[in-house]
1. Take A:ALA413 and tell me if it is touching a Leu at 6+ places or on another chain (Cβ under 9 Å), under 19 Å from A:VAL313 (Cβ atoms) and either part of a helix (DSSP H, G or I) or more than 11 Å from chain B (Cβ to nearest Cβ) (or both).
2. Give me a count of the residues in region B:234-274 that are within 8 Å of chain A (Cβ to nearest Cβ), surrounded by fewer than 18 Cβ atoms within 10 Å (Cβ to Cβ) and assigned to a strand (DSSP E or B).
3. Among the residues of region A:106-125, what is the count of those that are in contact with a Pro (Cβ under 8 Å, 6 or more places away or on another chain) and in a helix (DSSP H, G or I)?
4. If you check B:ILE228, B:ILE286, which single one turns out to be outside any helix (DSSP H, G or I), within 14 Å of chain A (Cβ to nearest Cβ) and closer than 19 Å to B:ASN50 by Cα?
5. Could you check, for region A:449-467, whether at least one of its residues is within 16 Å of B:LYS273 (Cβ to Cβ), within 7 Å of another protein chain (Cβ to nearest Cβ) and not in a loop (DSSP other than H, G, I, E, B)?
6. What's the total number of residues in region A:475-488 that are facing chain B (nearest Cβ under 7 Å) and either assigned to a helix (DSSP H, G or I) or over 15 Å from B:ASN139 (Cα atoms) (or both)?
7. Suppose we filter A:ALA176, A:ALA281 for residues that are under 18 Å from the mean Cα position of the chain (by Cα), modelled with pLDDT of 95 or more and not β-branched (Val, Ile, Thr); which single one remains?
8. If the Cβ limit is 7 Å and pairs must be 6+ apart or interchain, which residue in region A:407-418 that is among the aromatic types (Phe, Trp, Tyr) pairs with which residue that is buried (at least 20 other Cβ atoms within 10 Å of the Cβ) and not in a helix (DSSP H, G or I)?
Amino acid sequence: MKDTTENVKFKAAWKYAPAPEATDHVQISSSYDLFINGQFVPPKNKVYFETTDPSNGKILAKVAMADKDDVDLAVSAAKIAFKSWSKIKPQERGKYIFRIARLIQERAREFAVIESMNGGKPIRESRDIDVPLAANHFFYYAGWSDKLAYAFPNRNPAPLGVVGQIIPWNFPLLMAAWKIAPALATGNTVVLKPAETTPLTALKLAELIQESGLPKGVVNIITGDGSTGAELVQHPDVAKIAFTGSTAVGKFIKKATAGTNKKLSLELGGKGANIIFEDAAIDQAVEGIVNAIFFNQGHVCCAGSRLFVQESVADQVIQKLKDRMSTLIVGNPLDKNTDIGAINSKKQLDTINRYIALGKKEGASIYQSECHLPEKGNWCPPTLFMEVSQSHKIVQEEIFGPVLTIQTFRTIAEVIEKANNTPYGLSAGVWTQNGAKIFHMTQKLNAGVVWANTFNKFDAASPFGGYKESGFGREGGLHGLKPYLKFD
Amino acid sequence: MDRLDVLKTYKLFIGGAFPRTESGRYEAIRDKRGNLIANICLSSRKDFRNAVVVARKAQEGWNKASQLLKGQVLYRIAEMLEARKEQFVEELVRQGLSRIAAVQELELSVDRLVYYAGWSDKYQQIFSTVNPVNSSHFNFSVLEPMGLVAIIAPENDSLLGLVSVLAPAIVGGNTVVLLASESRPLCSISFAEVLNTSDVPAGVVNILTGKTAEILPQMASHMDVNAIVYCGNKEAEMKKINELASENIKRVVFYKKQNWEHPSDESPYFIEKLQEVKTTWHPVKI
């Protein structure tokens, strides 16, 4: 460690009193049916499954398990609704979507609390990031409804029909917004399947959509597991599949839709490189590292999960990172002091722990901050792996948890080579105060989103999506309209 | 005294050189009367893999070349093609076109190259955006080439079709391994000679002749190919491509049209189809 580095003891200075967000204003029903054709209808087979709070294992509600018949019902409702929805005045279409945006804003607190209860993410994140971004996304795309001809001049854009949308559990409401908003603005109708472990905010969104007066059948929300998703993918009346999730499932969907005329957009996994040069603002970069990998427990496809630090500042950066990690509070997602919430499911915790064990077995040196972990629930302390190389599995594969691998580099050419040496290509980060170096790096990195001197920023107006095996198609911004349109 | 014509041996075009197929196999191309026109190379999967290696090596350098330079290289291809007009017309006639149709196809091909040469430093301005985000960041999205593109060229319009799918791919900074029309492959190799005298860096365009059924699975499944363009309308082939392309989430583009003569068969959207969108964020607050 360099002498200039001061080992700051943030934590010793004060103790945090618990500051939990109240849940008494939140309404969660004991049981949820499927939202089809503007109504909540029980599943044909009468099967329900339990959805829980991953921070304490408590059952929050029972949720319907949609099977083939239910998928069929939802798709036919969407198919009938498409006839009129695709024909109504575009400005009116936009007004419906604006209304949804406003309703989310009005109920923002309720959505944030439920998101944290069902998904395990810290209330600060669901309150300040997930829910506002979801509302903004509807607001942004609402405005496009009657302006599509300006986005695609001379191309006569037209909607596709019924779009099947399958979303993951890491940003349940936000991903629903990313999917539904552009689909509606372009005149399509929707059958959306939320993730198995996090259906509640999507079902609350269904209630909200029902109240918004959106014509029945335009948005249908059906809960279930992977088999429900597979039925949706294979349904012959679905014109397009939009999927966010793992690369393995993405490949399966691409294969399953081969030989059909279904359009496809995939937002898949990642193993983002976060690169710290010696001329970076080191303290800001350390904050950036924390945000890149520990945001949302590392359940982020674009997480900066591979850290590359220039050799000359490596000791300093790693020490400062350890110091900063010692201040991170892992615990109750509803507590406003919490930095890192609960791991989304037991299954995901097992996956993460399997990788941590693998990292040790591969000979990497591990560091975990000594944070207090609650006894019940799914928890993982923030974790670093050092002394790793490109050939380590923990460096190559997406862990989807708060686990960071750290490698050092000497030259720009070397770090570019290492950063791009992955089948993924979703995100990358660069930290330097040198302008030319920033643009050199952002041009050379094979990734759909590059953050320079920042990380994990999202916006409705900003296109998001990957290169290579991280998928194709963009969500957000003008480019996010294209996957939902056909052209002359 | 009568003079004996010197006939051309049609070979492949890989890495700026004209090798024969490593497999040593050939296919006789005959005119309607059954006379031998030429023995063309029947490329193997290994030829394709060799071509991918050189196309990958060439990609970074070609991408780095300025868009102005790329435009000038495309314009140079047009110049060279125009200069060999008679040769191509004769070849197209030998492959069964009327002289009028052959002249028209050649002229349209030249014009199409000029058209895409002109787009080189302009399409980016059409498709890129500055995104007004709700935070203190400068945020913009630009197009970048997908990288290495495998192309199965149109079966009809053996010259114009080839030019129509090749030009937008390379003007956008991609490098290409192209499989020529199976039944009318002659022009493709003569076109390679044009490319070879047009300042196109070695490896940027590689042209194979042979059987689609044999090479297609290799093109669709190769892990170092970023995108595949298929010109044709055989459902079974398209299904096969999508299945195999799923292994590395290869981008798949289908052009089902049978001819490439219409004005709408050229547009910047053909360039855009082989581009990725990259979004960059940077703080603006100090």
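1. On the way: touching a Leu at 6+ places or on another chain (Cβ under 9 Å): no; under 19 Å from A:VAL313 (Cβ atoms): yes; either part of a helix (DSSP H, G or I) or more than 11 Å from chain B (Cβ to nearest Cβ) (or both): yes.
For A:ALA413, the condition - touching a Leu at 6+ places or on another chain (Cβ under 9 Å), under 19 Å from A:VAL313 (Cβ atoms) and either part of a helix (DSSP H, G or I) or more than 11 Å from chain B (Cβ to nearest Cβ) (or both) - is not met.
2. Matching residues across region B:234-274 total 0.
3. Of the residues in region A:106-125, the ones in contact with a Pro (Cβ under 8 Å, 6 or more places away or on another chain) are A:108, A:115-123.
The next check asks that each one be in a helix (DSSP H, G or I); those that pass are A:108, A:115-119, A:123.
Selection size over region A:106-125: 7.
4. Details: B:ILE286 fails: closer than 19 Å to B:ASN50 by Cα.
The unique qualifying residue is B:ILE228.
5. No, there is no match, as no residue in region A:449-467 is within 16 Å of B:LYS273 (Cβ to Cβ), within 7 Å of another protein chain (Cβ to nearest Cβ) and not in a loop (DSSP other than H, G, I, E, B).
6. Pass one, region A:475-488, residues facing chain B (nearest Cβ under 7 Å): A:477-479.
Imposing the further condition that a residue be either assigned to a helix (DSSP H, G or I) or over 15 Å from B:ASN139 (Cα atoms) (or both) reduces the set to A:478-479.
Of the residues in region A:475-488, 2 are facing chain B (nearest Cβ under 7 Å) and either assigned to a helix (DSSP H, G or I) or over 15 Å from B:ASN139 (Cα atoms) (or both).
7. Working: A:ALA281 fails: under 18 Å from the mean Cα position of the chain (by Cα).
Answer to the check: A:ALA176.
8. Taking only residues 6 or more apart or on different chains, the pairs are A:PHE409/A:PHE308; A:PHE409/A:GLN310.
The values are calculated or read from the model by the stated rules, or taken from the named source; none is laboratory data. In this text the structure is predicted, and so the values were computed from the model without any measurement. Cβ atoms come from the backbone with ideal geometry, glycine included; neighbour counts cover every protein chain shown.
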